[in-house]
Amino acid sequence: MKEYKVSTKSIGLRNPSQKLEDHLNQHAREGWKVIHINASMTTIVFEREKFR
């Protein structure tokens, strides 16, 4: 069974690439995998196995 998480994040104007990378890496360490990022990069959908 899978679980999903929707993250809405404002990455701001200063170092947006680094902030996005840090946000994605933090979720990856928790076992989340990105399945969708909208065009403005403000909404990210993550997925992971529920019973890990």
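The share of accessible area on the chain that comes from carbon and sulfur is 52 percent, using a 1.4 angstrom probe. Straight-distance candidates among the lysines for linking to residue 19, with alpha-carbon spacing under 22 Å and chain neighbours fewer than 8 residues away dropped: 5, 9, 33. The label-point distance for residue 50 and residue 4, in a model that sets each label 7 Å from Cα toward Cβ, rounds to 1.3 nm. With 0.36 nm allotted per residue and the present C-alpha distance subtracted, the residue 28-residue 43 stretch has 3.8 nm of extension available. Against the empirical 2.2 N^0.38 Å (N residues), the chain has a Cα radius of gyration ratio of 1.17. The mean accessible area for residues of the chain, using a 1.4 Å probe and ignoring ligands and nucleic acids, is 76 Å² per residue.
The values are calculated or read from the model by the stated rules, or taken from the named source; none is laboratory data. Here the structure is a predicted model, which is why all the values come from computation and not from measurement. Positions of Cβ are generated from backbone atoms using ideal geometry, with glycine treated the same way; all protein chains shown enter the neighbour counts. We work out accessible area using only protein heavy atoms, side chains counted, and drop any ligands, DNA or RNA first. Shrake-Rupley method; radii C 1.70, N 1.55, O 1.52, S 1.80 Å.
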